[in-house]
Amino acid sequence: TCSPAATSNAATLSVGNAAAITTNPVSTAVCVGDNASFTVVATGSSLTYQWQVSTTSVPTFTNITGATSATLNLPVVSASQNTNKYRVVIFSCSPTGINSAPATLTVNNPVAIQTQPQSITLCEVENTTLSVAATGTGLTYQWQISTDGGTNFSNVTGATAATLDLMAVTPAMNGNQYRVVLTGTCNPGGVN
């Protein structure tokens, strides 16, 4: 109503880019004691990250303290972390974050022999079974024989189970030594 007119200061509108995930974390498999990592790739303005973990079959995610970058590093994983799911919440210009797809950590167990094959004394024509008990992920078995006191071993054809049947033993088999080589996902070179 009264002159002169009043003019305010100018207010600047800043428009940030909303967060968008271009690459979700990828599920991974490692062996007990190895390191694992998950990475997300996202675009947006002033991105911040919060990694979460679910340890239940029906995913319920909780924040991982200090896990606030695009990559989550898990040093020296344990068997108890097998099947854990990990995701990241990404924040940009909105206080409401966006969730990545969850990635699953598979933790494989190394080969470990629980019960070794036992030496045995038999009479000729008797039968026996040698056995081994082991744990590990992806176990395979290969029995071997040595006829020279353990200096050299060769594979027993078709003997690829936890047990080895020796049928109707003969005096020519006296002193033979038998062992099994176990391989697994975490021990591709084998364990005797």
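The values are calculated or read from the model by the stated rules, or taken from the named source; none is laboratory data. Everything numeric here is computed off the predicted structure, so don't read it as measured data. All Cβ positions, even for glycine, are placed from backbone atoms using ideal geometry, and neighbour counts span all protein chains on display. Each accessible area value is taken on the protein alone, full model and side chains, heavy atoms only, with ligands, DNA and RNA left out. Shrake-Rupley method; radii C 1.70, N 1.55, O 1.52, S 1.80 Å.
Brief remarks on what is shown
- Counting Lys and Arg as +1 and Asp and Glu as -1 over every other residue whose Cβ lies under 14 Å from the Cβ of V132, the net charge comes to 0.
- Isolated Cys residues of the chain, judged by Cβ distance under 4.7 Å to other cysteines: C2, C93, C123
- Gyration tensor (Cα) of the stretch 3-96, equivalent ellipsoid semi-axes in angstrom: 42, 13, 11
- Under 13 Å, Cβ to Cβ, from P25 - net charge with Lys/Arg +1 and Asp/Glu -1: +2
- Per residue, the accessible area of the stretch 50-192 comes to 56 Å² when a 1.4 Å probe rolls over the protein heavy atoms.
- Computed in the context of the full set of protein chains, the accessible area of the chain at 1.4 Å probe radius has 51% of its extent on carbon or sulfur.
- Environment charge at S100 (Cβ cut-off 12 Å; Lys +1, Arg +1, Asp -1, Glu -1): +2
- Translational diffusion coefficient (Stokes-Einstein; Kirkwood radius from C-alpha pairs) of the stretch 128-175 at 25 °C, 0.890 mPa s, in µm²/s: 200
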